[in-house]
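What follows is a short report on a single structure.
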Amino acid sequence: MNANLKKDLQTLKQAHKKIAVTTELERNKVLEALQYKLIERKAEIFSANRRDIEKAEIELLSKQLIKRLYFNEGKLKSVIDGIKQIILLPDPKGRILEARELDEGLILKRESCSIGVIGMIFESRPDALIQIAALCLKSANCIVLKGGSEAAETNRKLAEIIRDVSDELNFAAVGSRWIYLLETREQVKKMLELDEYIDLLIPRGSNEFVKYIMNNTTIPVLGHADGICHSYIHFDADIKKAIKVIVDSKCQYPAVCNALETLLVHRNIADRLLPELLTALESEGVEVRGDEKCRVIIPCVPAVELDWKTEYLDLILSIKIVESIDAAISHIHTYGSGHTDSILTESITTAEYFMNTVDSADVLWNCSTRFADGFRYGLGAEVGISTLKIHARGPVGLEGLMSYKWKIYGNGHIVADYSGEGCRQFTHKNLT
């Protein structure tokens with residue numbers, strides 16, 4: 001199959017030339033048909049998913065990983081809601097980002113355009129395949145997908161349905177040639193060498209995996225480090241509110257990158273907060289690991305240096321008592337991954353100080369870290385979370401899948417007229 005990969009990706013690259021000039025109506029038509037086709041063929045999807053789950057159980061994969069594998073009625077509804085939201089989003093392609101008169105009759109415009117062919121390597125959640133494909137379709141990009149092998153059957157079925165819809169509508173006269181599913185690690189390794197056909201790689205997985213991708217390709221990579229997310233509870237926090245938010249941040253879905261991993265507590269609220277918080281966490285089955293000061297107040301497992309650096313993706317929470325907000329920020333900058341960090345305080349001044357100082361892609365005040373998500377941000381869905389500081393940061397939705405081009409409209413203008421004594425002068429007048 002590797003022998004054909006180069007040819008297949010070349011076909012994808014050629015298909016993008018036609019996808020890039022499609023109208024929003026054409027792209028939305030495919031998305032609308034897709035949501036109905038997913039419902040119509042849901043029995044096939046659920047059957048494929050059951051095979052993946054059974055295989056995962058036989059292979060004794062972790063409960064957290066198996067939980068991420070499920071594609072049931074709830075996941076289907078979530079996927080369809082995401083597609084509906086994406087359809088309603090304005091067309092990201094062809095937007096005039098800025099316009100300027102350089103001189104009379106010489107107009108410069110900066111216009112949004114699709115990136116091209118995007119390679120997406122993601123984890124076990126099969127619903128991510130639909131989210132990624134839908135965002136790429138809306139943004140007029142072609143996509144190469146590689147999901148986790150543990151979700152192979154479900155991914156294969158979902159990709160098949162997307163291809164069938166595209167072929168039935170003869171989308172952009174290329175049909176399904178805008179989407180390609182990889183199924184082996186060998187194909188991924190080969191893809192990393194084909195920089196002439198892939199414009200951007202977006203890997204979703206462990207820090208080691210993302211680094212492996214970055215170190216083994218010349219293709220631009222948009223990735224993120226571990227999701228070592230923190231919450232800091234200031235001394236003036238509302239205890240009831242704080243407990244509610246912390247439990248949701250840790251327990252609502254512990255196996256994802258925006259789940260809380262480390263809690264930092266100001267020493268002046270620790271005695272009042274921690275006993276009640278421990279009761280709430282233990283009722284959800286959370287194992288608490290605390291530093292020495294924390295263990296004086298509540299019984300818990302001793303935390304070690306490694307705990308501050310660990311993305312548990314499980315019902316485990318490490319707690320550290322700090323002397324000040326600056327000590328909390330220092331801890332976040334030392335051990336954090338720049339993903340998502342939050343503060344609980346009743347002071348807007350304190351909240352703004354924290355949010356302006358903490359150098360993370362997502363900073364939140366008095367709410368769960370689980371809000372750091374493309375769907376919840378109104379992006380329709382996301383292809384991942386970026387902790388980079390260029391191109392795209394935080395949940396990567398449509399905007400993160402776009403680039404831009406410069407266009408100049410003239411009428412026989414030449415540079416020589418703007419050189420030398422008595423030459424013409426640029427007006428550089430910004431246009432609305």
Close pairs (9 angstrom Cβ cut-off, 6 or more residues apart or separate chains): free of Cβ contacts under 8 Å to residues at least 12 places away in the same chain in the stretch 209-232, surrounded by fewer than 23 Cβ atoms within 10 Å (Cβ to Cβ) and hydrophobic (A, V, I, L, M, F, W, C) anywhere: K211/A225; M214/V221
Among the candidates N155, N170, residue that is in the same structural domain as I202 (by TED's automatic domain parsing), touching a Gly at 6+ places or on another chain (Cβ under 7 Å) and among the polar types (S, T, N, Q): N155
Scope the stretch 381-432; condition more than 21 Å from I121 (Cβ to Cβ) and of a type in the set (G, A, S); matching residues: G410, G412, A416, S419, G420, G422
Residue satisfying condition, being in contact with a Lys or Arg (Cβ under 9 Å, 6 or more places away or on another chain) and of a type in the set (D, E), within set D236, D226: D226
Residue count for the stretch 112-143, restricted to those that are closer than 18 Å to V256 by Cα and in a helix (DSSP H, G or I): 6
Answer residue from the stretch 293-321, given it is surrounded by 21 or more Cβ atoms within 10 Å (Cβ to Cβ) and β-branched (V, I, T) and is farthest from Q64 (Cα to Cα) among those: I321
Residue match in the stretch 110-131 (condition: touching a Phe, Trp or Tyr at 6+ places or on another chain (Cβ under 6 Å) and among the hydroxyl-bearing types (S, T, Y)): yes
Contacts under 8 angstrom Cβ, first residue in the stretch 340-355 being in the same structural domain as A328 (by TED's automatic domain parsing), partner exposed (fewer than 15 other Cβ atoms within 10 Å of the Cβ) and not hydrophobic (A, V, I, L, M, F, W, C), 6 or more apart: L344/D238; L344/K241; T345/D236; E346/D236; E346/D238; S347/D236; T350/D236
Residue check, Q187 buried (at least 22 other Cβ atoms within 10 Å of the Cβ), part of a helix (DSSP H, G or I) and not assigned by TED's automatic domain parsing to the domain that holds I325: no
Residue among D248, D341 that is surrounded by 23 or more Cβ atoms within 10 Å (Cβ to Cβ), under 23 Å from F354 (Cβ atoms) and in contact with a helix residue (DSSP H, G or I) (Cβ under 9 Å, 6 or more places away or on another chain): D341
Any hit, the stretch 265-272, residues being in the same structural domain as D238 (by TED's automatic domain parsing), in a loop (DSSP other than H, G, I, E, B) and closer than 26 Å to Y353 by Cα: no
Wholly within the stretch 1-83, helices (runs of 4 or more DSSP H) carrying at least 1 residues that are under 30 Å from A255 (Cα atoms) and either modelled with pLDDT under 95 or aromatic (F, W, Y) (or both): 24-40, 42-58, 63-69
Single unsatisfied condition, V165 versus (1) more than 30 Å from D359 (Cβ to Cβ); (2) in contact with a strand residue (DSSP E or B) (Cβ under 9 Å, 6 or more places away or on another chain): (2)
Residue in the stretch 144-167 that is touching a residue at least 40 places away in the same chain (Cβ under 8 Å), within 22 Å of Q14 (Cα to Cα), of a type in the set (A, V, I, L, M, F, W, C) and in a loop (DSSP other than H, G, I, E, B) present: no
Residues of the stretch 273-305 that turn out to be touching a residue at least 24 places away in the same chain (Cβ under 8 Å), among the aliphatic types (A, V, I, L, M) and outside any helix (DSSP H, G or I), as a count: 3
Verdict on L201 being on the phi < 0 side of the Ramachandran plot, assigned by TED's automatic domain parsing to the domain that holds C113 and surrounded by fewer than 22 Cβ atoms within 10 Å (Cβ to Cβ): no
Test for E111: is it within 17 Å of the chain's Cα centre (by Cα) and of a type in the set (D, E): no
Strands (runs of 3 or more DSSP E) contained in the stretch 323-432 and holding at least 1 residues in contact with a Ser or Thr (Cβ under 6 Å, 6 or more places away or on another chain): 340-344, 362-365, 402-409
Yes/no for S360 being surrounded by 19 or more Cβ atoms within 10 Å (Cβ to Cβ) and farther than 22 Å from A134 by Cβ: yes
Failed item, numbered, when S231 is tested on (1) touching a Ser or Thr at 6+ places or on another chain (Cβ under 7 Å); (2) in a loop (DSSP other than H, G, I, E, B); (3) closer than 30 Å to E261 by Cβ: (2)
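The values are calculated or read from the model by the stated rules, or taken from the named source; none is laboratory data. Model, not experiment: these values are computed from the prediction. Neighbour counts are summed over all protein chains in view; Cβ atoms, including those assigned to glycine, are modelled from backbone coordinates with ideal geometry.
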